[in-house]
2 protein chains.
Amino acid sequence: MVQTRSMAKAVQKRTLQTRARLLSVARDLVKTSGYEGLRVEEVVLGAGVAKGTFFAHFRDKDALMEILIGAELDSSLDQAEAGPVPVSIPDMISVMRPYHLCMKQERYVFDLILRYSGAAAIAEIGPIANTLGRYVYLVEEWVKAGSYRTDISPELIAEGVQGFAIQSMSLQFCALHASTTFEDRLKVYWDAWMLPQSPSN
Amino acid sequence: MVQTRSMAKAVQKRTLQTRARLLSVARDLVKTSGYEGLRVEEVVLGAGVAKGTFFAHFRDKDALMEILIGAELDSSLDQAEAGPVPVSIPDMISVMRPYHLCMKQERYVFDLILRYSGAAAIAEIGPIANTLGRYVYLVEEWVKAGSYRTDISPELIAEGVQGFAIQSMSLQFCALHASTTFEDRLKVYWDAWMLPQSPSN
DNA sequence: AGCAATAAATGACCATGGTCAATTTTGGAG
DNA sequence: CTCCAAAATTGACCATGGTCATTTATTGCT
């Protein structure tokens, strides 16, 4: 029988095992040395495979990172989604705390997230771009349920909310702006963005 | 005579020459192969020095990049600063066009700028963090001179303006949001941020 | 079971940024 | 002019991510 496009052979059991082993070892290593300290060589050593095998399973080191970090971000969002809808800005800040903590746990992680926030060039949406999309969607729903400014769409509000979260993290990593904490700064921005108080002119 | 702390020997002429040669070769290479394509080895080959010399002059490759990109950004800002004060949001967009074009000329450049936007960890403010500071200061002055929202400080407005510029660039690099152009998106954000139109609740 | 076709895994090799002990050059003191 | 300490330079070497022709395992067919 001839193979045709629509009849891709099933993935071998071995493949799944190898991949699972690589991921599991990687997760363990991250637990002890952090994301920045992860070395591909240690992963393959721990998984008992050759280096080439790693790159047969993941396009590059970043692709593995995306999977690990994406999963962590997703579970933080699951948590946020499971609870009651936050009804104020301080509420939102506290519901999003685990997610934000995850994003800024390491400078390396934050930089990687930024780099993959816009799905890298091609139309391929990775785990990180995906989780950022979920973030905006979630905030959009919260905005619809609350009372915030009405001159712009909830979606636009939500995009701005995410933008300010990222901006606040950037500033936190900056020596110049270390005096204000992340959440204080976030509150200032979110208040000004979602509840503008004065006439424009 | 004994050397004391306050009498550091003058830098040798040779040092300045070598550094100038490295920078000049690097600039030429960037002109032909772009920032991403720059290789340290090509720079040292072109300058006729050993690899180690490069790293005696620049902490790492990124430090050179910061100098080159920072200079380009600075000259765009000089341009913006030289002209008349923009009196509307479309005006600001057009005055800032060269700067924004520079920032998003290459994905590599944009990522590097983000990475160095908060001066890398230590208190050392590099050329890129510096130029971003200038941007905020410049916008702050423009905001003071114009009529925009008055419920928050001009400085806060200016920080948000920069944040939205970065957010708009991020989205431009994202396949999902390729339908809207950078400047259209920027106008939507800046309008909503600087001239909110409706009561909050 | 035997065989061919495909998938998976291997590891030597490469590319490139970065290090550092050893060497050469420089400028000033005597 | 000579000499020397500090500054500048060198290049062999390292670390690490990534490639690819070759080898090995699996699967479906007869």
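A few points about this structure:
- Percent carbon-and-sulfur accessible area, the protein assembly as shown, ignoring ligands, DNA and RNA, probe 1.4 Å: 56
- Neighbouring Cβ atoms from other chains, within 10 Å of the Cβ of residues in A:165-177, number 5 on average.
- Residue-normalised accessible area of the protein assembly as shown, given per residue in Å² at a 1.4 Å probe: 50
- Only Lys, Arg, Asp and Glu carry charge here, each on its Cβ (+1 for the first two, -1 for the last two); on that basis the range A:60-194 has a dipole of about 340 debye about its Cα centre.
- Entry note, chain A: the mean residue ellipticity at 222 nm calculated from DSSP H runs of n ≥ 4, each adding -39500 (n - 2.57), is -22000 deg cm²/dmol after division by the residues and rounding to the nearest 500.
- Loop-located GluC sites (Glu not before Pro) in the range B:29-75 (DSSP state not H, G, I, E or B) with no more than 16 neighbouring Cβ atoms inside 10 Å: B:36.
- Restricting the trypsin sites (Lys or Arg not before Pro) of the range A:41-115 to loop positions (DSSP other than H, G, I, E, B) with no more than 14 neighbouring Cβ atoms within 10 Å leaves A:59.
- Angle between chain A longest axis and helix A:13-33 axis [Cα atoms, degrees, rounded to 10]: 50
- B versus A: buried accessible surface, summed, Å² (probe 1.4 Å, to nearest 100): 3100
- Whole-Å distance, taken between Cα centres, linking the range B:40-110 and the range A:128-177: 29
The values are calculated or read from the model by the stated rules, or taken from the named source; none is laboratory data. As the structure is a prediction and not an experimental result, all values here were calculated from the model. Quick reminder, even Gly has a Cβ in these numbers, built from the backbone with ideal geometry, and neighbours come from all protein chains shown. Only protein heavy atoms, including side chains, enter the accessible area calculation; ligands, DNA and RNA are left aside. Shrake-Rupley method; radii C 1.70, N 1.55, O 1.52, S 1.80 Å.
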